[in-house]
Amino acid sequence: MTIPIPAEDPRHVPNRAVIDPAAITQNTRALTGLLEEQTALMAVVKADGYGHGMLTAARAALEGGATWLGVAHPASALALARAGLDAHILTWLYEPRTAATVLPEVLSSGIDVSVGSPEMLALVAEAARQADRRARVHLKIDTGMGRNGVLPWQIRELGPAMAEDDYTQVVAAWTHLTSADDPADPATDQQVELFDSACEALADEVGPVPLQHIANSAALLTRPDLHRDLVRPGIALYGYPPVSTDVPLRPAMTLTSRLALVKEVPEGHSIGYGRIHSTAQRTRVGLVPLGYADGLHRAASDRCEVLVRTESGDRRAPQVGRISMDQIVIDLGPDSDARAGDEVFVFGDAGGVPNAPSATTADDWARAAGTIPYEILTSVSGRVTREVLS
Ligand SMILES: Cc1ncc(COP(=O)(O)O)c(C=O)c1O
């Protein structure tokens, strides 16, 4: 038996991840604007839509021109199919035990599946037999990521099984880039060369394959030659391009909380576990009831800022001391008029207040924690209520 953790009543907790679906729609529209007419866009909404809510993200991206949805887990793909969205769906990560129970239903629901090994091909073929439905297979080719995918030279070996099985049809060949966020890295071209020759071998073995897809957000933004039939952006949809770009993209998630208390402390007062911070002067500190169990990375301790909305306006304040499990402390400065209950923007848009100093972003938190915005966004934990703007 599995027992869910009891949810906290959101009315009793101040922490919110406010999701703006219009930002995802506009970001998707801006990205589809870069594509030739024959190229479709698959919105990658895995990991609960990079923390934004999978269905919220999917609907918003479809409104912006996406026609495909991509997720890692078959269970997520089923949830998308059950929501009745008008989109092609692809799922790409499963293992034999759970796949045996979920794949027949996945295939019956018309979902495309990725195959990245001979064993996965056998699993999918068996599930297709059970579902009495021909599986639409995207053959994943490992051109250097070294994770999921058949090695280019395995295609000849797999060819007969793919060509002869009436229950599987290879509708796409695809690969994933290791280094597209560094446009100067020759690895991308090396991967594409391997992919192209693997695609030739595949066509020899199984006949023409209708679709090819390669590009993640970074390649979508920097390599129009890699758009092929379908692009698969994730992070850019949520407003965090992994390469510098003029394409207007804006963050779709704002993480907010409220001050639990404000107090004055003297110069030299230590803050938090391990006393890594002591106040440089008499100052006012604010306690924010949000910590690493909510998704703030402890590695970012004492290295980032938040924005506090007080009666007199919006002010940035540094987070000081170690990030605790449930709370952080911010230095409001000696003359702050901040009071308990005031809103704190941890990252994301500060509500569009004219002339307000902008809030920090998931990029700022990522830099402070030595990670990437992907991890910041997907770390916002289940106990933070997602509030979707309408
Ligand atoms: C297979 C695959 N395609 C596309 C993406 C989207 O990548 P990005 O978020 O960098 O656009 C991901 C995400 O990691 C992925 O795993």
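The values are calculated or read from the model by the stated rules, or taken from the named source; none is laboratory data. Just so we're clear, the structure is a prediction, and the values are computed from it rather than from any experiment. Positions of Cβ are generated from backbone atoms using ideal geometry, with glycine treated the same way; all protein chains shown enter the neighbour counts. To get the accessible areas, we keep the full protein, side chains included, count just its heavy atoms, and leave off ligands, DNA and RNA. Shrake-Rupley method; radii C 1.70, N 1.55, O 1.52, S 1.80 Å.
Residue 214 falls short on exactly one of the conditions (1) away from the ligand (no atom under 13 Å from the Cβ); (2) closer than 21 Å to residue 137 by Cα, and that condition is (1).
Could you tell me whether residue 131 is among the small types (Gly, Ala, Ser), modelled with pLDDT of 95 or more and either in contact with a Leu (Cβ under 6 Å, 6 or more places away or on another chain) or more than 15 Å from the ligand (Cβ to nearest atom) (or both)? Yes, satisfied.
Would you mind finding the one in 266, 248, 241 that is away from the ligand (no atom under 12 Å from the Cβ) and within 28 Å of the chain's Cα centre (by Cα)? Just a single option satisfies the conditions, and that option is 248. For first residues located in region 359-382 and on the phi > 0 side of the Ramachandran plot, partners that are part of a helix (DSSP H, G or I) and lie 6+ apart or on another chain with Cβ distances below 7 Å form the pairs 370/299. A search for C-beta distances below 8 Å between a residue of region 44-70 that is in the same structural domain as residue 217 (by TED's automatic domain parsing) and any residue that is surrounded by fewer than 24 Cβ atoms within 10 Å (Cβ to Cβ) and of a type in the set (Asp, Glu), counting only pairs 6+ apart in sequence or on different chains, returns 54/48; 62/86. Considering the conditions (1) within 16 Å of the ligand (Cβ to nearest atom); (2) assigned to a loop (DSSP other than H, G, I, E, B), residue 172 is excluded by exactly one of them, (2). Contact map, region 18-43: first residue not assigned by TED's automatic domain parsing to the domain that holds residue 359, second residue within 15 Å of the ligand (Cβ to nearest atom) and of a type in the set (Lys, Arg), Cβ cut-off under 9 Å, separation 6 or more or different chains; pairs are 39/228; 41/232; 42/232; 43/232.
Does residue 226 satisfy the condition of being open to solvent by less than 40 Å² (accessible area, probe 1.4 Å), in contact with a Ser or Thr (Cβ under 9 Å, 6 or more places away or on another chain) and within 12 Å of the ligand (Cβ to nearest atom)? Break it down into steps so the answer makes sense when it comes.
Working: open to solvent by less than 40 Å² (accessible area, probe 1.4 Å): yes; in contact with a Ser or Thr (Cβ under 9 Å, 6 or more places away or on another chain): yes; within 12 Å of the ligand (Cβ to nearest atom): no.
For residue 226, the condition - open to solvent by less than 40 Å² (accessible area, probe 1.4 Å), in contact with a Ser or Thr (Cβ under 9 Å, 6 or more places away or on another chain) and within 12 Å of the ligand (Cβ to nearest atom) - is not met.
Test residue 166 against the stated conditions and say whether it is of a type in the set (Asp, Glu), without any contact (Cβ under 8 Å) to a residue 60 or more places away in the chain and under 27 Å from residue 150 (Cβ atoms). When the stated conditions are applied, residue 166 passes them.
Evaluate the following for residue 110: is it surrounded by 20 or more Cβ atoms within 10 Å (Cβ to Cβ), out of contact with any helix residue (DSSP H, G or I) (no Cβ under 6 Å at 6 or more places or on another chain) and either among the β-branched types (Val, Ile, Thr) or not in a helix (DSSP H, G or I) (or both)?
Working: surrounded by 20 or more Cβ atoms within 10 Å (Cβ to Cβ): no; out of contact with any helix residue (DSSP H, G or I) (no Cβ under 6 Å at 6 or more places or on another chain): yes; either among the β-branched types (Val, Ile, Thr) or not in a helix (DSSP H, G or I) (or both): yes.
Here the answer is no, as residue 110 does not meet what is asked.
How about region 365-383: which of its residues are of a type outside the set (Gly, Ala, Ser) and either over 23 Å from residue 14 (Cβ atoms) or modelled with pLDDT under 95 (or both)? Within region 365-383, 367, 371, 372, 373, 374, 375, 383 meet the criteria. Looking only at region 113-141, residues that are of a type in the set (Gly, Ala, Ser) and out of contact with any helix residue (DSSP H, G or I) (no Cβ under 7 Å at 6 or more places or on another chain) come to 5 in all. Exactly one residue out of 59, 97 is away from the ligand (no atom under 12 Å from the Cβ), assigned to a helix (DSSP H, G or I) and more than 22 Å from residue 26 (Cβ to Cβ), and it is 97. There is no residue in region 117-128 that is outside any helix (DSSP H, G or I) and farther than 29 Å from residue 157 by Cβ.
Does residue 119 satisfy the criteria of being of a type outside the set (Lys, Arg) and without any contact (Cβ under 8 Å) to a residue 24 or more places away in the chain?
Working: of a type outside the set (Lys, Arg): yes; without any contact (Cβ under 8 Å) to a residue 24 or more places away in the chain: yes.
So residue 119 fits the description; yes.
Those strands (runs of 3 or more DSSP E) of region 259-323 in which 2 or more residues are under 30 Å from residue 52 (Cα atoms) and open to solvent by 10 Å² or more (accessible area, probe 1.4 Å) occupy 305-310, 313-320. Taken over region 175-192, the criterion of being assigned to a helix (DSSP H, G or I), more than 14 Å from the ligand (Cβ to nearest atom) and either among the aliphatic types (A, V, I, L, M) or in contact (Cβ under 8 Å) with a residue 40 or more places away in the chain (or both) is satisfied by 187, 190, 192.
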